[in-house]
1. Are there GluC sites (Glu not before Pro) in the range 97-144 that DSSP marks as loop and that have at most 16 other Cβ atoms within 10 Å, and which are they?
2. So who's got an amide H within less than 5 Å of the one on Arg266, skipping anything under 5 residues away but keeping other chains? H placed 1.01 Å off N, in plane.
3. Give, in nm to one decimal, the length gained when the segment between Glu305 and Val217 is fully stretched (0.36 nm per residue of separation minus the Cα-Cα distance).
4. Apply the Karplus parameterisation 6.51 cos²θ - 1.76 cosθ + 1.60, with θ equal to phi minus 60°, to every residue of the range 92-105 and state each ³J(HN,Hα) to the nearest whole Hz, in sequence, with x for glycine and proline.
5. Roughly how large, in nm² to one decimal, is the mean projection of the convex hull of the alpha-carbon atoms in the range 99-152?
6. To check my understanding: the extent here is largest minus smallest coordinate of the Cα atoms along each principal axis. What are those three numbers for the range 33-139, in Å, largest first?
7. Taking Rh as the Kirkwood radius computed over C-alpha pairs, what is the Stokes-Einstein D of the range 257-338 at 37 °C in a medium of viscosity 0.692 mPa s, expressed in µm² per second?
8. Give the long-range amide H neighbours of Gly98: residues separated by 5 or more places, or on another chain, with amide H under 5 Å away, using H modelled in the peptide plane at 1.01 Å from N.
Amino acid sequence: MPKLRTVAVVAGAALLARRAMRRRIQASPLWPMPALEEPVSGRPRSRSLRLLVTSREEVAEGVVRLRLEGRELPGWEPGAHLDLVLPSGLVRQYSLCGDPEDTSSYTVATRLVPDGRGGSREVHEQVREGMELEVRGPRNRFPLVRAESYVFVAGGIGITPVLPMLRALPDDVEWRLVYCGRGRASMPFVEDVEKLGRDRVTVVEGLPDLDALLAGVPEGAAVYCCGPEGLMAAVQERFPSVHLERFTPRASGGDAFEVELRRSGRTLTVTADSTVLAAVRAELPDTLYSCEQGFCGTCQQRVLEGEVDHRDELLTDAERGDSMLICVSRARGERLVLDM
């Protein structure tokens, strides 16, 4: 019996915390609360913490949830993500899916992608309770904006950034969620989102009929989507102003072009099927890089001349004025000049 009372007290405290957060949001004249502003260039990517993995739990078929604990952790708001530095040195990005009010831990979840680039496999096979991991962030490129109503579309693991958004919305704000997946067993947090508003949640097993499911979206509604690239492209085709969260780079192909490395006095050719990073490292092998997806910012370089086709998911508009992430971004013309 004492154990049951303890569980009830903990659950009650969590509920009170969520209600308190909602009351603060509802009382704010700036509902929803604005996303944390991006710190000045370089700071969010250099800040790192060592956190302890205190829980590792399989929450759906092929999906593992990690709880990372520390003390007085930087705050975050719904939509934010962390960079996890894995034991091998790989850097991968995962949406925060826990409670923003909890300053002692971060919670992330990742799906195993057997034919991926190795990050998810490393999380599933090597990360264990009691291990320390380096994390960077949090950063928010998917903030919850002010709107009269909301429509969320999530595919599989794409529910992770959406879940904290749903929890933060005041009770009187209209919203609905379309949650798609292969089957319920493979869909993390499906019961959690149904508890938040079963009449507002549509769970789809298999391919969704988006035209039917998204019919009647009211004017002024904010549409959010996170999931497989095909799903996001389909939603964006129907709603061009949709807010998207992607953790895979856009296609890296394009026309060939030249890159001059001004300080090194070298001119390189970037072929249509390669990247600036690959060409630079062939000449300057000590050039720093990490994620190769345009998320972590390690390979950021200053651009002296030329127009950039920015394909990253990290830099602010101000940063894009004179720099680029050379792992994914390319030239819009025939030539770029970098301060290297």
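1. Of the GluC sites (Glu not before Pro), the ones in loops of the range 97-144 whose Cβ has at most 16 other Cβ atoms within 10 Å are Glu101, Glu129.
2. Leu261
3. Numbers: separation 88, 0.36 × 88 = 31.68 nm, distance 4.40 nm.
Fully extending the segment from Glu305 to Val217 adds 27.3 nm.
4. Along the range 92-105, the couplings run 10, 10, 9, 5, 6, 10, x, 9, x, 6, 7, 8, 10, 7 Hz.
5. 6.2 nm²
6. Principal extents (largest minus smallest coordinate, Cα): 36, 26, 23 Å.
7. Numbers: Rh = 12.4 Å.
For the chosen part, D equals 264 µm²/s.
8. The answer is Thr107.
Each reported figure results from applying straightforward, stated rules to the coordinates on display, with no laboratory input. Small disclaimer: the values here were computed from a predicted structure and weren't measured. With ideal geometry, Cβ positions are generated from the backbone for all residues, glycine too; neighbour counts draw on all protein chains shown.
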